[in-house]
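Heads up, the thing below is written out as structure tokens.
Quick note: the coordinates plus some simple rules give every number you see, no bench work behind them. Just so you know, these numbers come straight off a predicted model, no measurement behind them. Please note: Cβ atoms are built from the backbone with ideal geometry, for glycine as well, and neighbour counts cover all protein chains shown.
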Amino acid sequence: MTNIVVLNNLVHRTVRVQAEPAAKFGDNQRFVQVVVTEFSLLVTHYPILFSKDADTGAFFCGAMLGIDEGENLFLKEGKGHEGYRPLNLQRVPFFVSGDDLAIDLDHPRVGADAGQALFSDGGEPTLYLESIRAAFQQLKPGIEMTKRFIDTLLKLNLLEPVDVVLGFDDGSKRNLVDLYTVNQDILRQLPDASVVELFRRGYLQLIYLLIASLKQIPVLAKKKNDRFLAA
């Protein structure tokens, strides 16, 4: 259940949010939707791949934080989140409603007894709330930018499915399906005019970041394997 309301510095003066990363607050996500403006921060930590929305069939871009469902291998309970924390994790439990900021009052992060205050005694936004506004200043336009980027990749037939097969020291295997990446063969065969257009729109750099991020798959697998060995 959700109870999303527009923030008000009078009505919500005493509301607090527990902002720290924690599984109980929803940070235990294997695949988190991201936007293109995050790519340069994501690429040093996570594989960046595409998947399809189960309801609409539309492609979206995500960072892989874990191998199994409900697993975030970068989440250190009680110690924060290793590396860059994607905006879609940072912004919880907030939303945008037009030009306003809204909050889900029924989210487990929200209460009155513990966490970050949203407003000062005088009703001014706190530094924490300003950081949430800053996150949405990247996230909101980033969603549309990412959609245009994906549309371009599809138009040029640059997305291909990729099956990720991983083996671990305990003898188990994982086959990650329904994931997509850039087809490098088709990329190399694009006409010069298409390559120039990708470059001018800044998309060529994004494509190279996507390709470079695939090197994080074995790093992610090692994190998973280390957990098996520790157990």
Review point. Given a Förster distance of 35 angstrom, what is the FRET efficiency for T126 paired with K79, based on the Cβ-Cβ distance and rounded to 0.05?
Key: 0.90
Practice item. Please count, across the stretch 4-226, the pairs of lysine residues with Cα atoms under 25 Å apart that sit 8 or more places apart or on different chains. Key: 28
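At a Förster radius of 25 Å, what calculated FRET efficiency corresponds to the Cβ-Cβ distance of R133 and D55, to the nearest 0.05? Could you put the intermediate results ahead of the total?
Values: r = 29 Å, r/R0 = 1.17.
For R133 and D55, the calculated efficiency is 0.30.
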Study note, to complete from the structure: Length gained, I4-S194, 0.36 nm per residue minus C-alpha separation, equals 64.0 nm
Exercise for review: Round to a whole angstrom and tell me the spacing of the C-alpha centers of the stretch 195-220 and the stretch 64-84.
Suggested key: 23 Å
Review point. Can you give the relative contact order of the chain as a percent, counting alpha carbon pairs under 8 Å and 6+ residues apart?
Key: 28 percent
Review point. Among all helices in the chain defined by DSSP H, which have a length of 18 Å or more along the axis from Cα atoms plus a Kyte-Doolittle mean of at least -0.5?
Key: 127-155, 216-230
Revision key, fill the gap. To the nearest 20 debye, the stretch 4-226 has a Cα-centred charge dipole, built from +1 on Lys and Arg Cβ and -1 on Asp and Glu Cβ, of 420 debye
Point to revise | Debye, to nearest 20: dipole size of the stretch 138-196, +1 on Lys, Arg Cβ, -1 on Asp, Glu Cβ | key: 260 debye
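Rounded if a/c is under 1.5, else prolate if a/b beats b/c, else oblate: with a ≥ b ≥ c from the C-alpha gyration tensor eigenvalues square-rooted, which is the chain?
Numbers: a/c = 2.45, a/b = 1.39, b/c = 1.77.
Oblate, because a/c is 1.5 or more while a/b does not exceed b/c.
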Review point. Under a Cβ-Cβ cut-off of 15 Å, what is the net charge of the residues other than L10 that fall near it, where Lys and Arg count +1 and Asp and Glu count -1?
Key: -2
Revision key, fill the gap. Karplus-derived 3J(HN,Hα) from phi for the stretch 165-172 (6.51 cos²θ - 1.76 cosθ + 1.60, θ = phi - 60°), whole Hz, x at Gly and Pro, runs 10, 10, x, 10, 5, 7, x, 7
Exercise for review: Using the Karplus curve 6.51 cos²θ - 1.76 cosθ + 1.60 with θ = phi - 60°, work out ³J(HN,Hα) for each residue of the stretch 174-189 in order, rounded to whole Hz, and write x for Gly and Pro.
Suggested key: 10, 10, 8, 10, 6, 10, 9, 9, 7, 7, 6, 5, 5, 4, 5, 8
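Ranked from highest to lowest mean number of other Cβ atoms within 10 Å per residue, what is the order of the peptides 80-92, 111-123?
Working: 80-92: 18.2, 111-123: 12.7.
Result, highest mean Cβ count within 10 Å first: 80-92, 111-123.
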Revision key, fill the gap. Placing each pseudo-label 7 Å from Cα in the direction of the beta carbon, V11 and L154 end up separated by a distance in nanometres of 3.7 nm
